[in-house]
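See structure below.
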Amino acid sequence: MSSRLQHLFFDSAKKDGSHIALALASGEQITYEALSELVNDFLKYFKANGIVKGSRIAIMAPKSISTVAIFLATLECGAAYIPIDIETPKERLNQILQNLDPHAFIAYTSDFPSEILCQQLFLTKALNESLSITFLPGENHSEDLAFILYTSGSTGPPKGVCITHENALAFTDWSLATFSISNKDRFSSIAPFHFDLSVFDLYVCFACGGTLFLVDERTTKNPRLLAEQLSKQNISIIYTTPSLLSLLLNFGKIEKNNFSSLRMTLFAGEIFPVQHLHALMKQWSHVSFYNLYGPTETNVCTWFEIPKPIDEQRTEPYPIGKVCGQLEAKVSEEGELLIAGPNVTIGYWKRPDLDLKIFWELDGKTYYRTGDHVESIHKNEYTYTGRMDRMIKKRGYRIEPEEVEAVLMQHPDVMEAAIISDRDQDDFTILIGFLSLRPKAEISVIAIKEHCLSFLPSYMIPDQIYFIDSLPKTSSGKIDLKKLGQ
Amino acid sequence: MSQDEIRQTVRAFLIDNIYAGIENAELKDESPLISTRIIDSIVALKLVSYLEEKFNVEFEAHEVDQDNLDTINKIVSFVQSKMK
């Protein structure tokens, strides 16, 4: 068994170097052998520029063969990579880079923050020419980190979930043991790399020597085009969010495409409304469907295969299912799901204040507090019943409403702000903002959205905004969120 | 179907489907909608389905893209080109 994540790739490259590792809609593709060579080019370049074990490389670039090669080369250096959403607004990027203190930052030249002055326009000949890199004097860490994934933080700036090689390998090992997967499989990378679903796409695919089809960011917003590409590419395994599957179902015209190669659909990140799931299962009656559950901090910790034939009477969402074999679960007195085992993160990057809140020591083991309320249906098998806190899941993304409210409150005309979630008529989660303005302030919904857009990623921008004279309060003087929701 | 009629249909759909409390005047024909997140990409998809049904046109998969849908003007001229 490999002890380094990148070995999953190199072992497969040794076994069958001529197999296609990565493919793109443009027709561009690369074999395991050629990708290994590309990784080596980057490796030499990184080493020559002082990247060593304990370094961190932040990369804000579109999905491409080079991006994947940079990830693998970073790991081979013993360093950790940090994929950053290419749509990250400058303010947020600055917050992330300040917290991260990276040794290198890679992005389009135009996306470089003005604070990062020493900019090198040249990379190795292997790299996509439009990207630039800057090497910085970051402080080395001592943990065995593979990557850090930034996610919404309730107390302001985004927080970086630290994933070690052991964490990631515990998840890939479980995936390989649970699903029958082979090098004949064609995987699809639909989720962005800064999203934990990509860990499955990349490393489970590489471990079995399969082919990974990289879906570009633009296509994920165009379900018709996505459906066409997944069909043309003969994709056999899809792992994505219920929202994206619902979009494919409702807007993708999937009935016009041939999905006979597809055999497995895994979904995670949020509740799948049963009527959408059932409708999709009818379209793809030959496909097995699995509900995977787990926050970024643990990756998948429970799973459930959707039974067939479809139970037409069912209206409640399916369970999150049974706990993965390598993990241990407990439920607190309040009903919160706690998870211990090799998947569990070692904590947030440079946020000891948050680490204190998420871990519980019980019976000599460290449990991660998921913040999810569950009910036990059988021994070691659960159903999700809601959040312990205010966190919202939208299209699989975690949104801490406090982070959005803090941005709204930064606007000089805003006096009070509150964010709640609701579902639209198609059952998609939407964010609703309620604002009260300062006396004599005049501001449009568009101006508020533009303000948010300079601080927040697009999925965190409120979908609807209502101006009201003052927000309702509870008897203790706090904003009454329940009342706003009515 | 005149350009004005298409424009009215698009505006009415956008106002009904997205804007809570937004004034018609705020919605400029040339302002970018999706790239600025003024409308959500899902609303854009709903608009495509609505326009296809209403005007009996069909968008190709690659045409359901921000480039063709980012402003009211673009949407209108695109639908018009499809109807010819």
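Here, each number is a calculation from the coordinates, and none is a lab measurement. Bear in mind the structure is a predicted one, so any value in this text is a computation, not a measurement. A quick note on method: Cβ atoms are made from the backbone with ideal geometry, for glycine too, and the neighbour counts reach across all protein chains shown.
Observations on the structure shown:
- Spin-label pair A:Thr155-A:His19: with each label point 7 Å from Cα along the Cα-Cβ axis, the two points sit 4.6 nm from one another.
- Residue exposure proxy: A:Glu217, A:Glu87, A:Glu312, ordered by other Cβ atoms within 10 angstrom of their Cβ from fewest to most, comes out as A:Glu312, A:Glu217, A:Glu87.
- Share antiparallel - DSSP beta bridges, chain A, percent rounded to 5: 65
- Residues in the stretch A:104-114 carry Karplus couplings, in order, of 8, 10, 10, 6, 4, 3, 5, 8, 5, x, 5 Hz; the curve used is 6.51 cos²θ - 1.76 cosθ + 1.60 with θ = phi - 60°, and Gly or Pro positions show x.
- Pair A:Lys232, A:Glu334: separation of 7 Å Cα→Cβ label points (nm): 5.0
- Label-to-label distance for A:Asp355 and A:Met409 is 2.7 nm, based on points extended 7 Å past Cα in the beta-carbon direction.
- Taking amide hydrogens as placed 1.01 Å from N in the peptide plane, the amide H of A:Gly347 sits under 5 Å from those of A:Cys162, each at least 5 positions away in sequence or on another chain.
- Förster-model FRET efficiency, 45 Å R0, A:His286 and A:Ser3, C-beta, rounded to 0.05: 0.75
- Close amide-amide hydrogen proximity is noted between A:Lys63 and A:Glu217, each under 5 Å apart and 5 or more residues distant or on a separate chain (H modeled in the peptide plane; Pro and chain starts excluded).
- The stretch A:402-486: trypsin sites (Lys or Arg not before Pro) in DSSP loop, at most 12 other beta carbons within 10 Å: A:Lys440, A:Lys478
- Estimated vicinal HN-Hα couplings, Hz - the stretch A:132-144 in sequence order (Karplus 6.51, -1.76, 1.60; Gly, Pro = x): 10, 9, 10, 9, 10, x, x, 8, 5, 9, 9, 6, 8
- Taking 0.36 nm per residue of separation and subtracting the Cα-Cα distance, full extension of the segment from A:Glu381 to A:Asn49 would add 114.6 nm.
- Computed from the C-alpha gyration tensor, the three semi-axes of the ellipsoid equivalent to the protein assembly as shown are 35, 29, 27 Å, from longest to shortest.
- Scaled against the 2.2 N^0.38 Å expected of a compact globular protein of N residues, the Cα radius of gyration of the stretch A:273-356 reads 1.39.
- Take the Cα radius of gyration of the stretch A:266-406 and divide it by 2.2 N^0.38 Å, N being the number of residues; the result is 1.12.
- Estimated FRET transfer efficiency when R0 is 60 angstrom, pair A:Asn40-A:Lys256 (beta carbons, to 0.05): 0.90
- For the stretch A:194-233, the residues whose backbone nitrogen is under 13 Å from a point 7 Å from the Cα of B:Ser49, taken along Cα to Cβ, are A:223-224.
- Here, P(r) means the percent of Cα pairs in each 5 Å bin from 0 to the largest distance; for the stretch A:176-329 it is 2, 9, 19, 24, 22, 16, 7, 2, 0.
- Fewest-first sequence of A:His19, A:His451 by Cβ atoms within 10 Å of each Cβ: A:His19, A:His451
- 15 Å beta-carbon shell around A:Ser261, net charge (K/R +1, D/E -1): +2
- Binned Cα-Cα distances of the stretch A:10-145, short to long, each 10 Å bin given as a whole percent: 12, 42, 34, 11, 1
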